[in-house]
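*Asks:* Structure in structure tokens, see below.
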Amino acid sequence: MKYLSFIPVFITLAFANNNGCTETGSAVNPQVPASDDITLTVVNNWTVADQVIGIDIIEGSSIFYVNAVCNEEDLLRAYDALTGIPTGVTMPLAPANMYAWGVAWNNNLTTPAYCVNDFLKDDLYYHDGVSSWVTVPDPAGADSRGMDFDGTDYWETDGAGNLWRFQPGVSQESIAIPEVTEQISGLTVFPHGSNLGIAVTTYGINNIYFYQWNGSTMDFMACAACPAGNVHTSLGLAYSETNEHIYWTYYDTSGNFHITEFSFSITSLERSSWGAIKSSF
């Protein structure tokens with residue numbers, strides 16, 4: 001019986017070595033076919049030496065970074081969003097945050113704050129940029145992945161095909177996205193007309209799914225194939241207001257991590273500005 005005590009350790013290590021993917025089978029339902037309504041065009045594709053999973057964009061008048069989680073080294077690492085080169089800027093994660101995944105920045109360079117989840121714990125780790133990490137309950141629970149901030153609310157995925165819109169430790173709402181039948185990995189939000197656009201991707205099916213949120217209803221628009229070949233798993237998404245592009249991280253079949261920048265167009269509705277989005281919610 002003593003050998004049973006080793007089973008959870010082996011399971012945990014397996015999850016960690018597979019970049020947090022805990023799904024063992026294929027999707028139960030057929031995948032949604034890609035649509036001509038969405039066009040993705042690669043602008044840059046960089047191979048990077050380090051693990052890059054949940055990502056966010058940190059941008060301002062003189063700063064333009066891809067902020068990436070590396071739970072193999074327990075830190076956040078910044079990459080130049082124009083070149084894909086590490087900037088040398090890093091931030092240690094909380095010691096207890098051993099299986100970090102998603103990261104969301106509060107879009108404020110004056111008083112920056114960061115929120116990081118953990119795919120094997122029910123905690124969110126919050127840092128105000130000055131003091132130490134503190135924890136609040138994670139509305140998505142364990143198995144949370146992609147995360148982003150829309151200027152008012154945080155958004156996050158869980159392992160059951162849902163999105164969560166929440167204020168840390170204050171309020172939360174679960175929103176189903178039944179079109180996605182595999183384990184979600186990445187999430188980003190972006191302005192879309194008078195609504196909020198949301199894009200998600202999964203580990204196994206190499207599509208990016210696009211939704212719009214009008215403040216009360218989540219509508220599926222379409223999906224597009226991930227804009228690269230040789231993809232083993234998709235790992236993260238982040239939108240840049242600076243160039244209106246999406247950044248995507250993935251792990252290829254040769255064992256390399258990538259940061260890819262792509263432009264996108266959605267013919268059903270033109271994108272708007274963050275100012276319009278923030279004033280409408």
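The values are calculated or read from the model by the stated rules, or taken from the named source; none is laboratory data. Everything numeric in this text was worked out from a predicted model, so none of it was measured. Because the Cβ atoms are built from the backbone with ideal geometry, glycine has one as well, and the counts that use them run over all protein chains shown. Side chains are part of the model used for accessible areas, which takes the heavy atoms of the whole protein and leaves out ligands, DNA and RNA. Shrake-Rupley method; radii C 1.70, N 1.55, O 1.52, S 1.80 Å.
*Asks:* What single numbered condition from (1) modelled with pLDDT under 95; (2) farther than 20 Å from residue 22 by Cα fails to hold for residue 197?
*Replies:* Evaluating residue 197 over (1) modelled with pLDDT under 95; (2) farther than 20 Å from residue 22 by Cα leaves (1) as the failure.
*Asks:* Looking only at the range 45-85, count every residue that is more than 19 Å from the chain's Cα centre (by Cα) and part of a strand (DSSP E or B) and tell me the total.
*Replies:* Kept after step one, since they are more than 19 Å from the chain's Cα centre (by Cα), are these residues of the range 45-85: 49, 60-63, 82-83, 85.
Still in the list and also part of a strand (DSSP E or B): none.
Number satisfying all stated conditions: 0.
*Asks:* I've got another one for you. Of these, 136, 116, 130, 103, which one is over 23 Å from residue 241 (Cβ atoms) and in contact with a strand residue (DSSP E or B) (Cβ under 8 Å, 6 or more places away or on another chain)? Break it down stepwise before answering.
*Replies:* Numbers: 116 fails: over 23 Å from residue 241 (Cβ atoms); 130 fails: in contact with a strand residue (DSSP E or B) (Cβ under 8 Å, 6 or more places away or on another chain); 103 fails: over 23 Å from residue 241 (Cβ atoms).
Result of the check over 136, 116, 130, 103: 136.
*Asks:* Okay, moving on. Between residues in the range 78-97 that are within 18 Å of residue 49 (Cα to Cα) and residues that are open to solvent by 50 Å² or more (accessible area, probe 1.4 Å) and of a type in the set (A, V, I, L, M), which pairs lie under 6 Å by C-beta distance while being six or more apart or on different chains?
*Replies:* Qualifying pairs under 6 Å: 78/89.
*Asks:* Where residues in the range 124-135 are surrounded by fewer than 21 Cβ atoms within 10 Å (Cβ to Cβ) and under 19 Å from the mean Cα position of the chain (by Cα), which of them is nearest to residue 164 (Cα to Cα)? Reasoning before the result, please.
*Replies:* Restricting attention to the range 124-135, the residues satisfying the condition of being surrounded by fewer than 21 Cβ atoms within 10 Å (Cβ to Cβ) are 126-135.
The next check asks that each one be under 19 Å from the mean Cα position of the chain (by Cα); those that pass are 126-127.
Numbers: 126: 17, 127: 20 Å.
Across the range 124-135, the extreme among qualifying residues is 126.
*Asks:* Sort out which residues of the range 28-41 are part of a strand (DSSP E or B) and either closer than 15 Å to residue 201 by Cβ or at pLDDT below 85 (or both), and write them in order of number. Spell out how you get there, then give the answer.
*Replies:* Restricting attention to the range 28-41, the residues satisfying the condition of being part of a strand (DSSP E or B) are 38-41.
Passing the criteria: 38, 40.
*Asks:* Within the range 123-144, does at least one residue satisfy the condition of being modelled with pLDDT of 95 or more and closer than 30 Å to residue 47 by Cβ?
*Replies:* yes
*Asks:* Okay, next question. For residues that are closer than 21 Å to residue 227 by Cα and open to solvent by less than 30 Å² (accessible area, probe 1.4 Å), tally how many sit in the range 68-102.
*Replies:* Going through the range 68-102 one residue at a time, the tally reaches 4.
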